[in-house]
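Chemist: I have a structure I would like to understand better, so I am pasting it below and will then ask my questions one at a time.
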Amino acid sequence: MIRPATAADVPALVGLVHDLADYEKAREQCTLTEQQLHTALFGPTAALYAHVAVDDSSDAVLGCAIWFLNFSTWDGVHGIYLEDLYVRPEARGSGLGKALLVELARVAVARGYSRVAWSVLDWNTPSIDFYRAIGAQPQQEWLGYRLSGAALTRLADA
């Protein structure tokens, strides 16, 4: 079953995010706390959304899609940026990843958003193969950039 996340799901979501960071070989970079995620999802200026995949019999959270809105100035409408998509290893191959993406596609279409976008590590061939199988196209002409840490601070101080 796929449903919007609730406040009670926050501990499981934080665990999934840390597991994803481990899978992406960057666990030491993941510092997300329950309080941070709760505020981002449910606080007074919440701008983050999440859906969870749960086991029908136990209500255990088996996967998640964590996302936020972006905006296309060319299309003139919002889109969804999928920050994290993760399914626990024991539940992979069950269709939960696709079900989470189906739900995001439904949200986008129902709200008139123009797209769902995300990034994937270039070595993550199982995910790349999955994304291609559902019809997603790589955006190879665009390079992703990130400004963080000391470089971010230096620019802010300029």
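The values are calculated or read from the model by the stated rules, or taken from the named source; none is laboratory data. The structure presented is a predicted model; accordingly, all values stated were derived computationally and were not measured. Every residue, glycine as well, gets a Cβ built from its backbone with ideal geometry; the counts of neighbours run over all protein chains shown. For the accessible areas, the whole protein counts, side chains as well, though only heavy atoms, and no ligand, DNA or RNA atoms are used. Shrake-Rupley method; radii C 1.70, N 1.55, O 1.52, S 1.80 Å.
Chemist: Rank GLY43, GLY97, GLY63 by mean-square fluctuation in a GNM of the chain with C-alpha springs under 10 angstrom and give only the top-ranked residue.
Modeler: Result: GLY43 has the largest fluctuation of those listed.
Chemist: Are there trypsin sites (Lys or Arg not before Pro) in the range 63-158 that DSSP puts in a loop and that have at most 16 other Cβ atoms within 10 Å, and which ones?
Modeler: On the way: sites: ARG92, LYS98, ARG106, ARG111, ARG115, ARG132, ARG146, ARG154; in loops: ARG92, ARG115, ARG146.
Answer by residue number: ARG92, ARG115, ARG146.
Chemist: Can you give me the C-alpha center-to-center distance between the range 12-32 and the range 111-147, rounded to a whole angstrom?
Modeler: Using only Cα atoms to place each centre, the spacing works out to 20 Å.
Chemist: Return the percentage of antiparallel bridges among DSSP beta bridges fully within the chain, rounded to the nearest 5 %.
Modeler: On the way: 19 of 21 bridges.
Antiparallel bridges: around 90 percent, rounded to the nearest 5.
Chemist: So, one more: Could you work out how much longer the chain between ALA110 and ALA136 gets when fully extended? Use 0.36 nm per residue separation minus the Cα distance between them, nm to one decimal. Provide the component values of the computation, followed by the final result.
Modeler: Values: separation 26, 0.36 × 26 = 9.36 nm, distance 1.92 nm.
That pair, ALA110 and ALA136, stretches by 7.4 nm at full extension.
Chemist: Still on this structure, I have one more. Under the 0.36 nm per residue contour assumption, what length would be gained going from the current alpha-carbon distance of GLU103 and THR6 to full extension? Show your work: numbers first, answer last.
Modeler: Values: separation 97, 0.36 × 97 = 34.92 nm, distance 1.60 nm.
Full extension from GLU103 to THR6 adds 33.3 nm.
Chemist: Roughly speaking, what is the stretch gain from SER148 to VAL77, that is 0.36 nm per residue apart minus the C-alpha to C-alpha distance, in nm to one decimal? It would help to have the intermediate numbers written out before the result.
Modeler: Details: separation 71, 0.36 × 71 = 25.56 nm, distance 2.77 nm.
Between SER148 and VAL77, full extension yields 22.8 nm more.
Chemist: Could I ask something else about it? What is the Å³ per residue value for the convex hull set by the Cα atoms of the range 36-158?
Modeler: 179 Å³
Chemist: I'd like the FRET efficiency for ASP22 and ASP157, computed as 1/(1 + (r/R0)^6) with the beta carbon distance as r and R0 of 41 Å, rounded to 0.05. Could you put the intermediate results ahead of the total?
Modeler: Numbers: r = 34 Å, r/R0 = 0.82.
With a Förster radius of 41 Å, E is 0.75.
Chemist: When only DSSP loop residues count, what chymotrypsin sites (Phe, Trp or Tyr not before Pro) in the range 50-104 have their Cβ near at most 13 other Cβ atoms within 10 Å? Before the final figure, lay out each step's value.
Modeler: Numbers: sites: TRP67, PHE68, PHE71, TRP74, TYR81, TYR86; in loops: TRP74.
In loop regions of the range 50-104 (DSSP not H, G, I, E or B), the sparsely surrounded chymotrypsin sites (Phe, Trp or Tyr not before Pro) are TRP74.
Chemist: While we're looking at this one, here's another question. Helix-derived [θ] at 222 nm for the chain: sum -39500 (n - 2.57) over DSSP H runs of at least 4, divide by residue count, nearest 500? Working shown, then result.
Modeler: Details: 5 runs with 57 residues, N = 158.
The helix contribution divided over the chain gives -11000 deg cm²/dmol.
Chemist: How large, in percent, is the carbon and sulfur part of the accessible surface of the range 1-92 at a probe radius of 1.4 Å? Show your work: numbers first, answer last.
Modeler: On the way: 2760 of 5040 Å².
The nonpolar share, carbon plus sulfur, comes to 55 percent.
Chemist: Please list, by residue number, every one of the GluC sites (Glu not before Pro) in the range 53-143 that is coil in DSSP and has at most 11 other beta-carbon atoms within 10 Å.
Modeler: On the way: sites: GLU83, GLU90, GLU103, GLU141; in loops: GLU141.
Answer by residue number: GLU141.
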